[in-house]
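The values are calculated or read from the model by the stated rules, or taken from the named source; none is laboratory data. All figures in this text were calculated on a predicted structure; none of them were measured in a lab. Counting neighbours? That spans all protein chains shown, and the Cβs are built from the backbone with ideal geometry, glycine included.
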Ligand code: PXL
């Protein structure tokens, strides 16, 4: 049965195998501490290619440790190549340095030629970084490198701030209207990816959505995320993990985007039941992990725009 599904979805392995190129932060859920449990719960094998090891993520924590793993990455890739490993997806998130982008670009190019789905979450920051003088030469290099990575991706999932950096647009005032959303999605798709999802878009005073472009049909969608007036950290990585897992299981982009928004919504609902959880700790997705993906029906959260 598993092999039949694998064949149908053109999967190389017994179950889909994804390489996750992300940091590992010991405390404050982001990146690999979200990607691995979530995608594993979806029935995906995750092979981490760590970009950096940190004691915590970098949002609101002071004095965290940071070990850049650029020097290790090519060796890890070469070893996997010797073993003959084939990936059904390569999914990148937070990178430790812009130098890593060249290594990963080559790795993704090879994996794509071998049939892997390439997902790039161009993690670069939030609006506070942009407003606080984000355009240092170092950051400019990261933005340019991310543009290159987006050029070989099948799917990209920037938040609105990252989207604006990638297409050299000003960050629009909230709420963002449909014409602007569509213009940004189209410009992002010109970087090269067939599917684009912009996360964390405030599309009215009290609603948040993910904006999606489906290059197969040329259609645009908004996926409702619900709205709670507070920041939730680490939800971008949660979102892209579910989206990638669903695509690997053969879901079309609209259904994958829908499933991911529903998961983030449920995790947020679980989090707000515990006001003692601080923003920097991330969202409480663990209580829903064992049940969410076994449902057979999900609320439809998307509309065409
Ligand atoms: O994707 C979010 C993220 C990942 N990794 C690290 C981070 C953040 C956001 O703060 O600091 C290390």
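Counting only residues that are assigned to a strand (DSSP E or B) and within 13 Å of the ligand (Cβ to nearest atom), which one in segment 25-47 is farthest from residue 108 (Cα to Cα)?
Among those residues, the one meeting the criterion is 27.
Can we say residue 187 is outside any loop (DSSP other than H, G, I, E, B), in contact (Cβ under 8 Å) with a residue 60 or more places away in the chain and surrounded by fewer than 24 Cβ atoms within 10 Å (Cβ to Cβ)?
no
Filter segment 221-253 for residues that are in contact (Cβ under 8 Å) with a residue 40 or more places away in the chain, away from the ligand (no atom under 16 Å from the Cβ) and surrounded by fewer than 19 Cβ atoms within 10 Å (Cβ to Cβ) and give the result.
Passing the criteria: 226, 228, 230, 250.
Is there a residue in segment 166-183 that is at pLDDT 95 or above and within 17 Å of residue 94 (Cα to Cα)?
Yes, segment 166-183 has at least one match.
Test residue 98 against the stated conditions and say whether it is within 16 Å of the ligand (Cβ to nearest atom) and at pLDDT below 95.
Spelling it out, residue 98 is indeed within 16 Å of the ligand (Cβ to nearest atom) and at pLDDT below 95.
Taking the stated definitions as given, is residue 284 within 19 Å of the chain's Cα centre (by Cα), within 30 Å of residue 219 (Cβ to Cβ) and either at pLDDT 95 or above or loosely packed, with under 14 Cβ neighbours inside 10 Å (or both)?
No, not satisfied.
Select from segment 283-294 the residues that are under 23 Å from residue 234 (Cβ atoms) and part of a loop (DSSP other than H, G, I, E, B) and list them in ascending order.
283, 284, 285, 293
Taking segment 164-185 on its own, how many of its residues are over 18 Å from residue 303 (Cβ atoms) and within 19 Å of the chain's Cα centre (by Cα)?
Adding up the residues that qualify gives 4.
Is it fair to say residue 63 is within 16 Å of the ligand (Cβ to nearest atom), part of a loop (DSSP other than H, G, I, E, B) and in contact with a strand residue (DSSP E or B) (Cβ under 7 Å, 6 or more places away or on another chain)?
no
Mind checking whether some residue in segment 69-85 is touching a residue at least 12 places away in the same chain (Cβ under 8 Å), assigned to a loop (DSSP other than H, G, I, E, B) and more than 16 Å from the ligand (Cβ to nearest atom)?
Yes: segment 69-85 contains one or more residues that are touching a residue at least 12 places away in the same chain (Cβ under 8 Å), assigned to a loop (DSSP other than H, G, I, E, B) and more than 16 Å from the ligand (Cβ to nearest atom).
Can you find even one residue in segment 278-297 that is farther than 17 Å from residue 227 by Cβ and in contact with a strand residue (DSSP E or B) (Cβ under 6 Å, 6 or more places away or on another chain)?
No, segment 278-297 contains no residue that is farther than 17 Å from residue 227 by Cβ and in contact with a strand residue (DSSP E or B) (Cβ under 6 Å, 6 or more places away or on another chain).
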